[in-house]
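*Asks:* Have a look at this one.
The values are calculated or read from the model by the stated rules, or taken from the named source; none is laboratory data. On a predicted model such as this, the values are computed, not experimentally measured, just so you know. Here the Cβ is made from the backbone with ideal geometry for all residues, glycine too, and neighbour counts use every protein chain on show.
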Ligand code: PDD
């Protein structure tokens with residue numbers, strides 16, 4: 001593996017060590033981002049750094065780098081990862097004090113900053129063509145799901161419950177509304193209109209979600225941000241899940257029942273083409289859309 005970044009240094013992974021009193025380890029007290037890079041170009045980097053800034057501000061951790069500083073660190077990791085596509089994981093925790101205490105540590109305790117690049121293998125064509133299966137589950141997460149916190153135990157349990165049921169992802173429902181996946185944003189197509197729940201504290205403002213809406217807008221495909229009732233999810237013509245690592249995936253089975261005709265739908269097909277074109281543009285150094 002290429003080198004990782006830890007607190008100002010680029011190191012081999014085996015030499016990157018964090019004290020056991022780090023608050024990320026003790027409390028899950030930190031935030032993170034996952035950013036794809038295609039052909040050496042970080043995808044939607046400013047949007048990811050904006051969201052990182054918002055997460056840090058929400059949990060009151062000072063941003064350890066300015067934008068140029070982040071770009072230097074992340075681009076170095078991407079450059080060292082070689083020519084293939086990769087995804088960069090970064091996390092910032094509230095750092096390591098000399099004792100365990102729920103209250104914030106004194107200001108001299110600096111945040112712990114870690115980042116690494118991993119190979120990114122987008123789903124193979126036949127997998128995309130088959131689509132994914134999802135299971136509806138009660139959302140057991142907290143009230144600030146808009147913060148990209150490393151405290152992911154509910155998401156981990158929900159994803160595993162879906163996997164145990166033989167499915168790929170959990171779609172989370174709270175107060176009768178379908179919100180998002182355990183690690184993905186949610187879209188449906190109903191009456192020809194693409195719909196996704198509005199941003200707010202109940203869900204993560206997905207960067208891929210925003211790109212999908214921009215692509216819909218620029219290609220004249222009608223879309224709306226609105227609440228999606230669980231009952232509507234169950235009779236949607238198409239369901240999609242989106243994320244930086246899984247791109248735009250069609251859900252073809254929901255709770256064991258076929259979505260539409262059980263194959264990825266025509267609107268997904270168009271969006272998948274637009275998304276592919278966007279990645280190709282980025283690889284040749286162009287902006288998209
Ligand atoms: N997760 N909602 C949740 C709860 C997520 O964890 C993610 C991404 C998304 C999609 O966000 P984006 O399009 O910005 O990747 C929505 C990342 C990939 C992860 O935890 O690995």
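*Asks:* How many residues does region 1-40 contain that are outside any strand (DSSP E or B) and closer than 30 Å to residue 279 by Cα?
*Replies:* 7
*Asks:* May I ask you to list the residues in region 54-92 that are away from the ligand (no atom under 16 Å from the Cβ), buried (at least 22 other Cβ atoms within 10 Å of the Cβ) and within 20 Å of residue 22 (Cβ to Cβ)?
*Replies:* Within region 54-92, no residue meets the criteria.
*Asks:* OK, next. Of the conditions (1) in contact with a strand residue (DSSP E or B) (Cβ under 6 Å, 6 or more places away or on another chain); (2) not in a loop (DSSP other than H, G, I, E, B), residue 72 fails just one. Which one is it?
*Replies:* Only one criterion in (1) in contact with a strand residue (DSSP E or B) (Cβ under 6 Å, 6 or more places away or on another chain); (2) not in a loop (DSSP other than H, G, I, E, B) is unmet by residue 72, namely (1).
*Asks:* Can you go through 197, 205 and tell me which one is within 26 Å of residue 48 (Cβ to Cβ), touching a residue at least 60 places away in the same chain (Cβ under 8 Å), assigned by TED's automatic domain parsing to the domain that holds residue 131 and within 15 Å of the ligand (Cβ to nearest atom)?
*Replies:* Being within 26 Å of residue 48 (Cβ to Cβ), touching a residue at least 60 places away in the same chain (Cβ under 8 Å), assigned by TED's automatic domain parsing to the domain that holds residue 131 and within 15 Å of the ligand (Cβ to nearest atom) holds for just one of 197, 205, which is 205.
*Asks:* Tell me whether region 151-166 contains one or more residues that are surrounded by fewer than 19 Cβ atoms within 10 Å (Cβ to Cβ), assigned to a loop (DSSP other than H, G, I, E, B) and within 13 Å of the ligand (Cβ to nearest atom).
*Replies:* The answer is yes; a qualifying residue exists.
*Asks:* Moving on to the next point. Looking at region 126-155 only, could you name the residues that are without any contact (Cβ under 8 Å) to a residue 60 or more places away in the chain and within 14 Å of the chain's Cα centre (by Cα)?
*Replies:* Hits for region 126-155 are 145, 155.
*Asks:* How many residues are closer than 23 Å to residue 31 by Cβ and in contact with a strand residue (DSSP E or B) (Cβ under 8 Å, 6 or more places away or on another chain) when one looks only at region 156-195?
*Replies:* Within region 156-195, residues that are closer than 23 Å to residue 31 by Cβ and in contact with a strand residue (DSSP E or B) (Cβ under 8 Å, 6 or more places away or on another chain) number 14.
*Asks:* Also: Which of the residues spanning region 264-288 are in contact with a strand residue (DSSP E or B) (Cβ under 7 Å, 6 or more places away or on another chain), in a helix (DSSP H, G or I) and closer than 20 Å to residue 187 by Cα?
*Replies:* Residues satisfying the conditions are 267, 268, 271, 272, 275.
*Asks:* Looking only at region 169-181, which residues are assigned to a loop (DSSP other than H, G, I, E, B) and in contact (Cβ under 8 Å) with a residue 40 or more places away in the chain?
*Replies:* 176
*Asks:* Please go through region 212-228 and give me each residue that is in contact with a helix residue (DSSP H, G or I) (Cβ under 7 Å, 6 or more places away or on another chain) and either free of Cβ contacts under 8 Å to residues at least 12 places away in the same chain or within 11 Å of the ligand (Cβ to nearest atom) (or both), ordered by number.
*Replies:* 212, the sole residue that qualifies.
*Asks:* I'm trying to understand the selection: among the residues of region 121-149, which are modelled with pLDDT of 95 or more, within 13 Å of the ligand (Cβ to nearest atom) and under 28 Å from residue 275 (Cα atoms)?
*Replies:* Answer for region 121-149, where residues must be modelled with pLDDT of 95 or more, within 13 Å of the ligand (Cβ to nearest atom) and under 28 Å from residue 275 (Cα atoms): 145, 146, 147, 148, 149.
*Asks:* Continuing with the same structure: Can you pull out the residues in region 189-226 that are over 19 Å from the mean Cα position of the chain (by Cα), surrounded by fewer than 20 Cβ atoms within 10 Å (Cβ to Cβ) and not in a loop (DSSP other than H, G, I, E, B)?
*Replies:* Residues satisfying the conditions are 190, 193, 217, 218, 223, 224.
*Asks:* On the basis of being surrounded by fewer than 21 Cβ atoms within 10 Å (Cβ to Cβ) and without any contact (Cβ under 8 Å) to a residue 60 or more places away in the chain, does residue 273 make the cut?
*Replies:* Criteria met by residue 273.
*Asks:* Taking the options 236, 258, 280, 231, name whichever one is under 30 Å from residue 142 (Cα atoms), loosely packed, with under 15 Cβ neighbours inside 10 Å and free of Cβ contacts under 8 Å to residues at least 60 places away in the same chain.
*Replies:* Going through 236, 258, 280, 231 in turn, the sole match is 231.
*Asks:* Restricting to region 19-37, name every residue that is farther than 18 Å from residue 77 by Cα and touching a helix residue (DSSP H, G or I) at 6+ places or on another chain (Cβ under 7 Å).
*Replies:* Across region 19-37, the qualifying residues are 29, 30, 31.
*Asks:* Filter region 239-255 for residues that are buried (at least 21 other Cβ atoms within 10 Å of the Cβ) and not in a strand (DSSP E or B) and give the result.
*Replies:* Within region 239-255, just 244 meets the criteria.
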